[in-house]
Amino acid sequence: MAQQSDAQNPRAFFVVGNEEWGKSSTLKALTGGITQKRYIKITDRWFFIRRMSNDDIPDSWEIFIKGLDPKEKPDVIIALCPAEPALPFLRILQKRGFTLFFWIIRRRCDGKPGDLSDVEIERFKGLGWIEFCHQPADPNRRAAQLKKFIETHP
């Protein structure tokens, strides 16, 4: 897929949440329910989507991050569990020139009790832009909010 993005300004948007908190359903809604869709155009840029999080298959996620080249994929949307072991991999992306954005699902989306802890959220401060999900129940509303967050950070 031809990229229309500026490799000089690579961006990595992370959909952050614990296991079963709505990361995948948000990304599925963002792509119109098509889970096989790997790219989506937002504004005038094509984004590669990585749905598998570091809490799904950690080794695969780490290999993906280590191999991420801003010349090949300058704009990415990546699912991320806020586990501390992910931090060194986020710093790898920063060293490669990626600006990091964290869209955080702070509360469980399935109606069960649970919030991300302040410690989990604190890990992302100083690494990039942060916004919190305000539409936890409906994946389509979450996807619309995520898209708006991406659109406001060209």
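Read-outs: derived from the displayed coordinates by stated rules, not from any lab. All values reported here derive from a predicted model rather than from experimental measurement. Ideal geometry is used to build each Cβ from the backbone, glycine not excepted, and the neighbour counts take in all protein chains shown.
Structure summary
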item: Where Rh is the Kirkwood radius over Cα pairs, Rg/Rh for segment 28-99; result: 0.96
item: Residue among 74, 139, 58 with the largest mean-square fluctuation in a Gaussian network model of the chain, springs linking Cα atoms under 10 Å; result: 58
item: Nearby lysines by direct alpha-carbon distance to residue 41 (threshold 27 angstrom, same-chain neighbours under 8 apart not counted); result: 23, 28, 66, 71, 73, 95, 147, 148
item: Value of relative contact order over the chain, rounded to a whole percent, pairs C-alpha under 8 Å and six or more apart; result: 32
item: Modelled label reach - residue 56, point 7 Å along Cα→Cβ, segment 73-114 residues with backbone N closer than 14 Å; result: 77-81
item: Rounded to 5, the percent of DSSP beta bridges in the chain classed as antiparallel; result: 20
item: Top positive-direction residue, dipole computed over the chain with Cβ charges, set 17, 65, 42; result: 42
item: Theoretical ellipticity at 222 nm over the chain - DSSP helices of four or more residues, -39500 (n - 2.57) apiece, nearest 500; result: -8000 deg cm²/dmol
item: Test item: Cα-centred dipole of the chain, Lys/Arg +1 and Asp/Glu -1 on Cβ, debye; result: 440
item: In segment 1-104, the trypsin sites (Lys or Arg not before Pro) that fall in loop regions by DSSP, at most 12 other Cβ within 10 Å; result: 71
item: Segment 43-95, relative contact order in percent, only Cα pairs under 8 angstrom and at least six apart counted; result: 47
item: Label zone at residue 63 (point 7 Å along Cα-to-Cβ), backbone N below 18 Å, segment 71-104; result: 79, 89
